[in-house]
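Heads up: the structure comes next, in structure tokens.
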Amino acid sequence: MILELKRLLYVVGEKKSFECSIPLEELGRLHGVGTFLTPVKAEGTVENRTGVCELAYSVTFTMGLECDRCLKEFEREYKFDFRHILVKSLNSEDENDEYVVCEDNTLDLNELAISDLLLQLPTKVLCRDDCKGLCQKCGTDLNVSECTCDGKQS
């Protein structure tokens, strides 16, 4: 979704709400993380307060994941909230991660939301917090049964 921001960036007090869905085709499979099972739903507002344009939005989606300890496949719903300051341009030539530059007074919300959520997703996923994993010697799922091999860890 492309947000037109011309009026919002220039008029103090302007506010715009939005709601959109990023289709599965745009999301694909994340290498080493999982698969999106639902489109990413994004909703939020852009508001110009005293000349500062702030974007506040949340995303919700469900992913198919594989536990890093026991290798079971499972589904998990996520909801993340994000905030950004939107600017027309930066005065310095240095990149500044605190601001989102909106060239041509537009913002590609899909691109920003995908980038934000990729940075927010955990690098290690577990099916549950107390997952015991697999026996390193025989491969028994220690969540289901106790291992009887001599490789049992204590």
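The values are calculated or read from the model by the stated rules, or taken from the named source; none is laboratory data. All values derive from a computational prediction rather than experimental measurement. Quick reminder, even Gly has a Cβ in these numbers, built from the backbone with ideal geometry, and neighbours come from all protein chains shown.
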With respect to the numbered conditions (1) touching a helix residue (DSSP H, G or I) at 6+ places or on another chain (Cβ under 9 Å); (2) within 30 Å of Leu142 (Cβ to Cβ), which one is the sole condition not fulfilled by Tyr57?
-> (2)
Please verify whether segment 81-95 includes one or more residues that are at pLDDT 90 or above, within 11 Å of the chain's Cα centre (by Cα) and in a strand (DSSP E or B).
-> yes
Return yes when Glu111 is surrounded by 12 or more Cβ atoms within 10 Å (Cβ to Cβ) and without any contact (Cβ under 8 Å) to a residue 12 or more places away in the chain and no when it is not.
-> yes
When (1) over 15 Å from Asp116 (Cα atoms); (2) of a type in the set (Ser, Thr, Tyr); (3) modelled with pLDDT of 90 or more are applied to Tyr57, the one that fails is (1)
Residue selected from segment 47-68 under the condition closer than 23 Å to Glu4 by Cβ and either among the small types (Gly, Ala, Ser) or not in a strand (DSSP E or B) (or both), by the criterion nearest to the chain's Cα centre (by Cα) = Ser58
Is it fair to say Tyr78 is in a strand (DSSP E or B), in contact with a strand residue (DSSP E or B) (Cβ under 8 Å, 6 or more places away or on another chain), of a type in the set (Phe, Trp, Tyr) and within 30 Å of Thr140 (Cα to Cα)?
-> yes
Output yes when any residue across segment 90-102 is in contact (Cβ under 8 Å) with a residue 60 or more places away in the chain and closer than 21 Å to Lys6 by Cα, and no when none is.
-> yes
Residues of segment 100-133 being modelled with pLDDT under 85 and either closer than 15 Å to Asp81 by Cα or assigned to a strand (DSSP E or B) (or both), in sequence order, are Val101
Looking at Leu71, is it among the aliphatic types (A, V, I, L, M), assigned to a loop (DSSP other than H, G, I, E, B) and in contact (Cβ under 8 Å) with a residue 60 or more places away in the chain?
-> yes
Members of segment 1-32 found to be assigned to a loop (DSSP other than H, G, I, E, B), exposed (fewer than 14 other Cβ atoms within 10 Å of the Cβ) and modelled with pLDDT of 80 or more, listed by number = Val11, Val12, Gly13, Pro23
